[in-house]
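A.B. asks: Mind looking over this structure? Questions follow.
The values are calculated or read from the model by the stated rules, or taken from the named source; none is laboratory data. Just so it is clear, the structure is predicted and the values come from calculations on it, not from any experiment. Cβ atoms come from the backbone with ideal geometry, glycine included; neighbour counts cover every protein chain shown. In case anyone asks, the SASA skips ligands and DNA or RNA and just uses the protein heavy atoms, side chains included. Shrake-Rupley method; radii C 1.70, N 1.55, O 1.52, S 1.80 Å.
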Amino acid sequence: MKKNTTNVLIVGVGGQGVLLASELLSETAMSAGYDVKKSEVHGMSQRGGVVTSHVKFGPKVFSPIIPYGQTDLLISFEQAEALRAVDWLKKDGLIAVSTTRLVPPITAGGKFHYPDDPIADLRKKVKNVIAIEADKIARELGDSRLVNTLLLGVISTRLEFNNTLWEKVMRQKVKAKFVDINLKAFAKGRELAAKAAE
Amino acid sequence: MKKFLSGNEAVARGAYEAGVKLAVGYPGTPSTEILETVAEEYRSIYSQWSPNEKVAFEVGIGASLGGARALVTMKHVGLNVAADPFMTFAYTGVNGGFVVISADDPEMHSSQNEQDNRFFAKFAQIPFLEPSDSQEAKDFVLKAFEISEKFDTPVMLRMTTRVSHSKGIVEENEPVVLPEGSFKRDMQKYVMIPSNAKKRHVVVTERLDKLREYSEKTELNKEENNGSKIGIITGGIAYQYVKEVIPDADYFKIGFGFPLPIDKIRKFVDAHQINLVIEELEPYYEEILKAAGIKVEGKKYFSRLGELSPYRVSLGMKEAGIINEAYSAEIEPEQLFPRPPILCPGCPHRGAFMALKKLGVAVTGDIGCYTLAVLPPLEIMDSCICMGASIGNAIGMEKVKGHKKGVVAVIGDSTFLHSGITGLLDAVYNRSNVTVVILDNRITAMTGGQQHPSTGYTLMGEPTKSVNFIELAKALGVESVREVDPYDYKKLLEVFKEEIEREGPSVVITNRPCVLMPKRIMDKPHRVILEDCNGCSACFRIGCPAILPSKELTKRNRPKAEIDPTLCTGCSLCAQVCQPEAIVLVEEPVVR
Ligand SMILES: Cc1ncc(C[n+]2csc(CCOP(=O)(O)OP(=O)(O)O)c2C)c(N)n1
């Protein structure tokens, strides 16, 4: 067991399944014997706003919110949202990001601009970026909502919890009829992470 | 057994373990999930949504008088609505234990103000408890019921957004077994005519002395000695943030926040060289301590605006000279476009606001999803004060002829039932010329989809009567009451125009359900024929998340429109405002 607290920030847009992802990660860490806290703000999230979830685990966790600039792992289900949260990451932190591009209507007026290539911008700032075409792969697997478990699969390769633990938690927490497909997405994520590491 | 629970789920669990018989409230972020969890997981507790917090509080009082333990839940501003029974129940005291949850929202993640309800407990002279995480949330509920019965007082449990919505590990226990309680007639105690109330006020002050003694002894107020010369006095979520920043300081952690253990804190302060009070929002502890002549500092370094966080605590600590470096970014932040919340694709509220904008009237607003109409591109709401305010605001503005083109009040179904009915009665009674639009999407959408008196179901899922808005408005004396389909833009314009011009109050009810709840509505989507789109941006101006700027530009370099078929619900409002008729139905099946 690690002595330090591990800080994971999961971000996305309302409806992308940020909260399920952070729930699975937290439960897995808890099953592994860690103290865990997670924090997010509900309320306006359903209406297309930014959704942010903080997960912290370690021998003893105090604040449920990650201290600014102290994130070890940033998971983003949307390209530009990874960029929005990037300053929360430690210099040597890791980003797992979906290439999903959700351009909000507010950019139609011309006053605001959606960056042309957020992933390239991320790479300029951070050494460890794993970008996955999670949207496309999820749809190939049968459901665009699998982006979250796919990315969890990716980052699971950087965490110490074994596969059996993840699977046990998913079987408990995911609705029965979606378990298999989510496990498949998770496995696919692990596979892609291995490839990205090569 | 250990479970991973949010603060709200932990409160529900606490209620179950405390043997609560009745749980009641009105939804409001961040309190809503407490009753939802009770109704879902702990079916042995009778639970219900009331139309508003005042009624909820009174229902809770009734249960307490009947000898049962009662839990009442609401968000901070809900206690304003319930303030009347709250202040006087403090006089009568309880029979069965009574705990009211006040879930405050520092930072206003989802609220119209960030009032600090710790003052409310002090105002009513009742004790409050303040948990700092989920485990404490559960434990403190049990404690609160004990205190309530031991001291014959209602007790407030003060939650905040970060305690309510953060999750942590909670040890679950078996429920306590309580003797069956029952009503005991005691008119001098419960009937607050002045002669009785005068005697009860004496009891309240005596009770306060006993509570003060208790506060000095209880484990809810804890000292943590690490041999430091720095003493931190804190409570609630702030405790966790400070522990994150300087774990090795000495702590006086307040869990029982009124009355404060003044003697104990004085000793703690005397034993330390530097003493800081760190609390979210107002200098509540700080003022009480300073008034008692105890030398502490607090708001000098820590803002009273918004919520605290490890980062904000570290900034204050640095300023106070306790630490050398605050947390900071190792990677440059990026300036990005905002992503504000926005009315959903197909939201039935959209059409009404498009029409009101066109008519150029003043729109007094209210609270719910529809308040999002104030944001660009719709930008058509002129006031939003508190639930139910739209109608009174409209009446006043109309009486002084504040706007030439007329005044329209817009109010949601849940909000109308919460506190709009009396406003409408006022409009009739005082011969007002306002038009009231009830945006009836048949659910309390803003807070995640709760039942209310017109949805036909109770919190526990039982079918029930559903109030009919037309009949109700007519019964109040409104002569012109009309229903209109909010997906029919032309009709909306026509009906609104007629009703605004009409003498006397009128009511227009829009009658489409929420597209998300209770079930997702997805009809055939629309698409843009790019060759026909002239880039006029009329469809962008209705603020639908499914309509995006396309990469294709017009000759004058303006983006044409594009519709995301996975988001479009087929409401057709965009097609109705498209002059060149470039928006059409998609005929072939769509994979979403
Ligand atoms: C006194 C008070 N109680 C609760 C709330 C939380 N709240 C805000 S709007 C709302 C109800 C919204 O429902 P409705 O009026 O039907 O509008 P909708 O969101 O469905 O459009 C609630 C419960 C509040 N702001 N103030």
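A.B. asks: Going by average Cβ density within 10 Å per residue, which order do the peptides A:103-112, A:150-159, B:341-350 take, highest to lowest? List each step's numbers first, then the result.
C.D. replies: Working: A:103-112: 16.4, A:150-159: 23.5, B:341-350: 25.2.
The most tightly packed comes first, giving B:341-350, A:150-159, A:103-112.
A.B. asks: In square angstrom, what is the accessible area per residue of segment A:1-144 with a 1.4 angstrom probe? Show your work: numbers first, answer last.
C.D. replies: Details: 5120 Å² over 144 residues.
Averaged over the residues of segment A:1-144, the accessible area is 36 Å².
A.B. asks: Now, a different point. If all Cα-Cα distances of chain B are sorted into 20 Å bins from 0 onward, what percent lands in each bin, rounded to whole numbers?
C.D. replies: Spelled out bin by bin, chain B gives 19, 44, 31, 6, 0 percent.
A.B. asks: If I model a spin label at B:ARG431 and B:ASP209 as a point 7 Å from the Cα along the Cα→Cβ vector, what separation in nanometres do I get?
C.D. replies: 5.9
A.B. asks: Right, here's the next one. In Å², what does the accessible area per residue of chain B work out to with a 1.4 Å probe? Can you show the working numbers first?
C.D. replies: Working: 24580 Å² over 592 residues.
On a per-residue basis, chain B sits at 42 Å².
A.B. asks: Normalised by the number of residues in chain B, what is the relative contact order in percent for Cα pairs under 8 Å and 6+ residues apart?
C.D. replies: Working: 1282 pairs, mean separation 61.9, N = 592.
Here the relative contact order equals 10 percent.
A.B. asks: Same structure again: Please give the FRET efficiency for B:GLU325 paired with B:ASN226, using the beta carbon to beta carbon distance and R0 = 25 Å, rounded to the nearest 0.05. Show your work: numbers first, answer last.
C.D. replies: Numbers: r = 21 Å, r/R0 = 0.84.
E between B:GLU325 and B:ASN226, to the nearest 0.05, is 0.75.
A.B. asks: Using the Cα centre of chain A as origin and beta-carbon charges of +1 (Lys, Arg) and -1 (Asp, Glu), tell me which of A:THR5, A:LEU159, A:HIS113 is placed farthest towards the positive end of the dipole.
C.D. replies: Most positive-ward Cα: A:THR5.
A.B. asks: If amide hydrogens are placed 1.01 Å from N in the peptide plane, which non-local residues have theirs closer than 5 Å to the one on B:PHE258?
C.D. replies: B:PHE128
A.B. asks: At a Cα cut-off below 15 Å, give the aspartates and glutamates reachable from A:LYS2, other chains included and same-chain residues fewer than 8 away excluded.
C.D. replies: Candidates past the 8-residue exclusion: A:ASP35, A:ASP72, A:GLU160.
A.B. asks: Next question. Could you go through segment B:119-124 in sequence order and give the Karplus-derived ³J(HN,Hα) for each residue, using 6.51 cos²θ - 1.76 cosθ + 1.60 with θ = phi - 60°, rounded to whole Hz, and x for Gly and Pro?
C.D. replies: For segment B:119-124, the Karplus curve yields 5, 5, 5, 5, 4, 7 Hz.
A.B. asks: Follow-up. What are the extents of the Cα atoms of segment B:349-510 along their three principal axes, listed from largest to smallest and rounded to whole Å?
C.D. replies: The principal-axis extents, from largest down, are 47, 36, 29 Å.
A.B. asks: What total accessible surface area, summed over both chains, is buried at the interface between chains B and A, computed with a 1.4 Å probe and given in Å² to the nearest 100?
C.D. replies: On the way: alone 27000 and 10360 Å², together 32570 Å².
Using a 1.4 Å probe, the pair buries roughly 4800 Å².
A.B. asks: On to the next question. For chain A, calculate the relative contact order in percent as a whole number, restricting contacts to Cα pairs under 8 Å that are 6 or more residues apart.
C.D. replies: Numbers: 371 pairs, mean separation 39.6, N = 198.
About 20 percent, as a whole number.
A.B. asks: Tell me, what does the Kirkwood hydrodynamic radius of segment B:452-592 come to in angstroms if you use every pair of distinct C-alpha atoms? The partial results should precede the final answer.
C.D. replies: Numbers: mean 1/r = 0.0556 Å⁻¹.
One decimal place: 18.0 Å for the Kirkwood radius.
A.B. asks: Ok, one more. Percent antiparallel among DSSP beta bridges with both residues in segment A:6-197, to the nearest 5? Before the final figure, lay out each step's value.
C.D. replies: Working: 14 of 28 bridges.
Among the beta bridges of segment A:6-197, antiparallel pairing accounts for roughly 50 percent.
A.B. asks: Whole-Hz ³J(HN,Hα) for each residue in segment A:25-35, computed from phi via Karplus 6.51 cos²θ - 1.76 cosθ + 1.60 with θ = phi - 60°, x for glycine and proline: what do you get?
C.D. replies: 4, 5, 5, 5, 4, 5, 4, 7, x, 7, 6
A.B. asks: Let me ask you something else. Can you pull the mean other chain C-beta count within 10 Å for peptide A:53-64? Don't jump to the answer; show the numbers that get you there.
C.D. replies: On the way: counts 1, 1, 1, 3, 0, 0, 0, 2, 6, 11, 17, 16.
Counting Cβ atoms of other protein chains within 10 Å of each residue's Cβ and averaging gives 5.
A.B. asks: A further question follows. Calculate the mean, over all residues of peptide B:104-110, of how many other protein chain Cβ atoms lie within 10 angstrom of the residue's Cβ.
C.D. replies: Working: counts 0, 2, 0, 1, 0, 5, 5.
For this peptide, the per-residue mean of nearby foreign Cβ atoms is 2.
A.B. asks: For a bin width of 5 Å, list the pair-distance distribution of segment B:222-319 built from all Cα-Cα distances, rounded to whole %.
C.D. replies: 2, 14, 28, 28, 20, 7, 0
A.B. asks: In whole Hz, what ³J(HN,Hα) sequence does segment B:537-546 give by Karplus (6.51, -1.76, 1.60; θ = phi - 60°), x for Gly and Pro?
C.D. replies: With coefficients 6.51, -1.76 and 1.60, one gets 6, 4, 6, 5, 6, 8, x, 9, x, 7 Hz.
A.B. asks: Could you tell me the center-to-center distance, by alpha carbons, between segment B:152-199 and segment B:327-395 in angstrom?
C.D. replies: Using only Cα atoms, the two centres lie 37 Å from each other.
A.B. asks: For B:LYS150, give me every one of the lysines with a C-alpha distance below 24 angstrom, ignoring sequence neighbours fewer than eight places off in its own chain.
C.D. replies: List returned: B:LYS21, B:LYS122, B:LYS138, B:LYS184, B:LYS189, B:LYS198, B:LYS199, B:LYS210, B:LYS217, B:LYS222, B:LYS253, B:LYS264.
A.B. asks: Looking at the protein assembly as shown from every direction and averaging, what is the projected area of its Cα convex hull in nm²? Kindly include the intermediate steps, with their values, before the conclusion.
C.D. replies: On the way: hull surface 143.5 nm².
Result: a mean projected hull area of 35.9 nm².
A.B. asks: Calculate the spin-label point distance for A:ASN4 paired with B:GLU379, positioning each point 7 Å from the Cα along the beta-carbon direction, and give it in nanometres.
C.D. replies: 4.8
A.B. asks: Using only DSSP helix segments of four residues or longer, with each worth -39500 (n - 2.57), what per-residue ellipticity at 222 nm results for chain B after dividing by its residue count and rounding to 500? Don't skip to the end; give the middle numbers.
C.D. replies: On the way: 21 runs with 205 residues, N = 592.
Value at 222 nm, helices only, nearest 500: -10000 deg cm²/dmol.
A.B. asks: So, one more: Give A:LYS38/A:LYS173; A:LYS56/A:LYS136; A:LYS56/B:LYS75; A:LYS173/B:LYS524 a once-over and call out the pairs whose C-alpha atoms are over 25 Å from each other.
C.D. replies: Values: A:LYS38/A:LYS173 16 Å; A:LYS56/A:LYS136 30 Å; A:LYS56/B:LYS75 27 Å; A:LYS173/B:LYS524 33 Å.
Exceeds cut-off: A:LYS56/A:LYS136; A:LYS56/B:LYS75; A:LYS173/B:LYS524.
A.B. asks: While we're here: Within the accessible area of the protein assembly as shown, what % is carbon and sulfur when the probe is 1.4 Å and the other protein chains stay in place?
C.D. replies: Details: 16800 of 32570 Å².
Of all accessible area on the protein assembly as shown, carbon and sulfur atoms account for 52 percent.
A.B. asks: If amide hydrogens are placed 1.01 Å from N in the peptide plane, which non-local residues have theirs closer than 5 Å to the one on B:VAL277?
C.D. replies: So B:VAL277 has HN proximity to B:ILE233, B:GLU297, B:GLY298.
A.B. asks: To continue, here is another question. Would you mind giving the mean number of other chain beta-carbons within 10 Å of the Cβ of each residue in B:3-13, as a whole number? Could the numbers behind the result be given before it?
C.D. replies: Numbers: counts 2, 10, 0, 4, 1, 1, 0, 0, 0, 0, 0.
Taking the mean over all residues of the peptide, I get 2.
A.B. asks: Find the lysine pairs in segment B:349-510 meeting two conditions, Cα atoms under 15 Å apart and a separation of 8 or more places or different chains, and report how many there are.
C.D. replies: 12
A.B. asks: Still on this structure: How big is segment A:90-165 on each of its three principal axes, counting only the C-alpha atoms and giving the largest first in Å?
C.D. replies: 49, 35, 15
A.B. asks: Additional query: Under a cut-off of 17 Å between alpha-carbon atoms, report the aspartates and glutamates in cross-link reach of B:LYS560, not counting same-chain residues fewer than 8 places apart.
C.D. replies: Filter leaves B:GLU531, B:ASP532, B:GLU552, B:GLU581.
A.B. asks: Work out which residues of segment A:95-126 lose at minimum 50 square angstrom of accessible surface when the other protein chains are put back, relative to the chain isolated, with a 1.4 angstrom probe, and list them by number.
C.D. replies: So the qualifying set is A:PRO105, A:ILE106, A:ALA108, A:LYS125.
A.B. asks: Further, regarding this structure: Quick one: Cα centre-to-centre distance for segment B:1-80 and segment A:67-96, in angstrom?
C.D. replies: 37
A.B. asks: For A:VAL51, what residues show an amide H to amide H distance below 5 Å, using hydrogens built from the backbone and excluding near sequence neighbours?
C.D. replies: For A:VAL51, whose amide H was placed from the backbone, the distant partners under 5 Å are A:GLY12, A:VAL13, A:GLY14.
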